[in-house]
Amino acid sequence: MNIPADAPFPERMCKEVLRNLPMIGFKGKIELIQDDAQMDSALEELRHETLLGFDTESKPTFRRQDEVRPPALLQLSNGATAWLFQLRQISRHEELFAILADPAVEKVGVAPHDDIKGLNRISPFQAAGFTDLGTIASARGIITTGLRNLAGMFLNGRISKAAQVSNWEQNPLTKKQINYAATDAWVSLRIYEELNRRTGQAVPGEQLAQ
């Protein structure tokens, strides 16, 4: 169901309404990158992209004294393809992170600053061209700005969080993890596109401080 472009933005998504929305997920091509050769091929495909959905996944910690783990997976999507980079399986991170430092490539996600801080623990880079969907939503009076809530508001669908708390450092990843990760990057892009449709103007990217 398409939401009219002039419809007001809701402040929050009712949990009961969200639970009853149809499940949505990424149905396009998924490329799982597990070595440097596969990364080279993926970077060639990404060379001409100017707008990408963005997310990362990290192995969770359950005790306060446990060290917070850096991201194990980086996800990018142009809507048709989702590229999933297993960061522990590749070595030339600086070449991959060059995309994240390129202001000509807009990356959209929820709270990307936290992801960027984690990625900088792997290989330092100066992030540029990032748009925080949560910041955009807050500026429009929306209170609940998590990815699941924004998907409900703008895409009229529910995304699964079943694989969120799982071991993202394991190899191989499960099919459930792969689908979850691809969906998160794709949904970020779709929400951004819907925000642009509803506001009638492009939302600019911003350089984020480290």
Looking at the square roots a ≥ b ≥ c of the eigenvalues of the Cα gyration tensor of region 136-192, which shape do they give, rounded for a/c under 1.5, prolate if a/b is larger than b/c, or oblate?
prolate
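Please give the contour-minus-distance gain from ASN196 to SER123: 0.36 nm per residue of separation, less the Cα-Cα distance, rounded to one decimal in nm.
Between ASN196 and SER123, full extension yields an extra 23.0 nm.
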Amide H contacts under 5 Å for GLU106, restricted to residues at least 5 apart in sequence or on another chain and with H modeled in the peptide plane, are LEU51, LEU52
Whole-Hz Karplus ³J(HN,Hα) for region 166-181, in order, using 6.51 cos²θ - 1.76 cosθ + 1.60 and θ = phi - 60°, x for Gly and Pro?
8, 7, 7, 8, 5, 9, x, 6, 7, 4, 4, 5, 4, 5, 4, 5
Show me, for region 155-161, the HN-Hα J-couplings you get by feeding each phi into the Karplus relation (A = 6.51, B = -1.76, C = 1.60, θ = phi - 60°), rounded to Hz, glycine and proline as x.
10, 6, x, 10, 9, 6, 10
Which residues' amide hydrogens lie under 5 Å from the amide hydrogen of LEU73, considering only partners 5 or more residues apart or on another chain, with H built in the peptide plane?
GLU57, LEU87
Ignoring everything except DSSP H segments at least 4 long, calculate the 222 nm mean residue ellipticity for the chain; use -39,500 (n - 2.57) per segment, divide by total residues, nearest 500.
-10000 deg cm²/dmol
Alpha carbon centroid spacing (whole Å) that separates region 147-192 from region 80-125
17
Within the chain, longest stretch free of exposed trypsin sites (Lys or Arg not before Pro) [DSSP loop, at most 11 other beta carbons within 10 Å]
122-210
5 Å is the cut-off here: which amide hydrogens, built 1.01 Å from N in the peptide plane, fall below it relative to ALA82, excluding neighbours closer than 5 in sequence?
LYS29, ILE30, GLU31
Translational diffusion coefficient (Stokes-Einstein; Kirkwood radius from C-alpha pairs) of region 15-199 at 37 °C, 0.692 mPa s, in µm²/s
196
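Can you bin region 76-143 into rounded, prolate or oblate? Criterion: square roots of the alpha carbon gyration tensor eigenvalues sorted a ≥ b ≥ c, rounded for a/c under 1.5, prolate for a/b above b/c, oblate for the rest.
prolate
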When a/c is below 1.5 the answer is rounded, else prolate if a/b is larger than b/c, else oblate, so apply that to region 93-210 with a ≥ b ≥ c taken from the square roots of the Cα gyration tensor eigenvalues.
oblate
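Each reported figure results from applying straightforward, stated rules to the coordinates on display, with no laboratory input. What you see is a predicted model, and the numbers here were worked out from it, not measured in a lab. Because the Cβ atoms are built from the backbone with ideal geometry, glycine has one as well, and the counts that use them run over all protein chains shown.
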